[in-house]
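Undergrad: Take a look at this one; I'll ask things after.
The values are calculated or read from the model by the stated rules, or taken from the named source; none is laboratory data. Keep in mind that this is a model prediction, so the values were computed, not measured. Cβ: placed from backbone, ideal geometry, glycine included. Neighbour counts: every protein chain shown. For the accessible areas, the whole protein counts, side chains as well, though only heavy atoms, and no ligand, DNA or RNA atoms are used. Shrake-Rupley method; radii C 1.70, N 1.55, O 1.52, S 1.80 Å.
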Amino acid sequence: MKLDGPPLSILDDAFAVAAAAGAGILIEGNLTSINVSGLVTSVYQPSPNSLLGGAPATYDAGPPATLQFDFENVHYSSSAGASLPAASQFASVTLTQNRRTPGTYTMAVTFWDGSHIGPAVNVQSEAKIDTASGVVYGSGAAQPFLTLLIKALP
Amino acid sequence: MSVLDDVFAALAQPANGTSIILRGVATLSGTISFADDGPGGPISAACYVVATGMVQTESLIYAPPRAGKTAAVRFLMPLHYVWPASLLATESTAVTLTKNATAQPSYTIDFALPWTDVAFTATVDAPSGVIYGSANNALLALALSLAFEPQPRRKKPFEAVPAGRSAFKRSRENHRR
């Protein structure tokens, strides 16, 4: 992901790519907690006819600028340890560029109940970046723990 | 105190009448560089591993600290690989948590993936309590919780009482001695 000037962070790059026309972003991630697990593959792309697949991510220039995508097929584990797929349940993730503190981002996760009427749980945290791996992560309250791998599309 | 401090403290001094149940969910995110060379050179790909499992005392091996050795706990974790597709089958890997002999408590996680061994310093995320770390350019989050479940107390072994002497009389006799 090469832009003009040295890259500041993977999130700075991702928002810069989304703001500039012509390039896309691939977002892959995991949702981890004792009772919930989920995977996401999401693509932000200006051109809608790509064959890359993945659920669409949306970018809003704001301010504040935001990237939004959904976790689908979130699995809730029972106390017995069996993972029970709940296809109607999903989680929405929003990455927001903080206006007052450049280079920092927040990560909000909304878990939706099966009825899709209203959010069941909201979790908000700082979006941190692991130094060695470049993986974006964050957590709020007691759980969950969210990791994201963000890459530029060719 | 972190969840890892709690785990090792509970294993070192298990409370009477309780058993320890360790529950965990693990995910792996990052870019893994395979050792195998593909037709076009070394293969590099994003890898996701989702592992869920429940570990009970019966399947948990605790090695207490001994001279020259650190305390460690070892358990099996079932793994379900979402990618690569060739590893979609569920299997288990042995996970080892080691309490390092350092001034401040620190911990290491070791386990094997089919293509590489993973070892990293375990960091506890706040506020989730999720254990995470990165190795080989991958980030692994291993969510662990420690639960205590009551276990029936062991009955004392049956003690025969000689004929003609009640347990009460025998107790008084023993007391006089």
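Undergrad: List, in order, the whole-Hz ³J(HN,Hα) value for each residue of the stretch A:97-102 obtained from phi through the Karplus relation with A = 6.51, B = -1.76, C = 1.60 and θ = phi - 60°; use x for Gly and Pro.
TA: 7, 6, 6, 7, 10, x
Undergrad: Sticking with this one: Which value, in square angstrom to the nearest 100, describes the accessible area buried between chains B and A on both sides, using a 1.4 angstrom probe?
TA: 2200 Å²
Undergrad: Roll a 1.4 Å probe over the protein heavy atoms and report the accessible area of residue A:92 in Å², nearest 10.
TA: 20 Å²
Undergrad: Other chains near A:23-30: what is the mean number of their Cβ atoms within 10 Å of each residue's Cβ?
TA: Other-chain Cβ atoms within 10 Å of each residue's Cβ, averaged: 3.
Undergrad: Any idea of residue B:134's accessible area? Nearest 10 Å², probe 1.4 Å.
TA: Result for residue B:134: roughly 30 Å² accessible.
Undergrad: Can you give the mean number of other chain Cβ atoms that lie within 10 Å of the Cβ atoms in peptide A:144-153?
TA: 4
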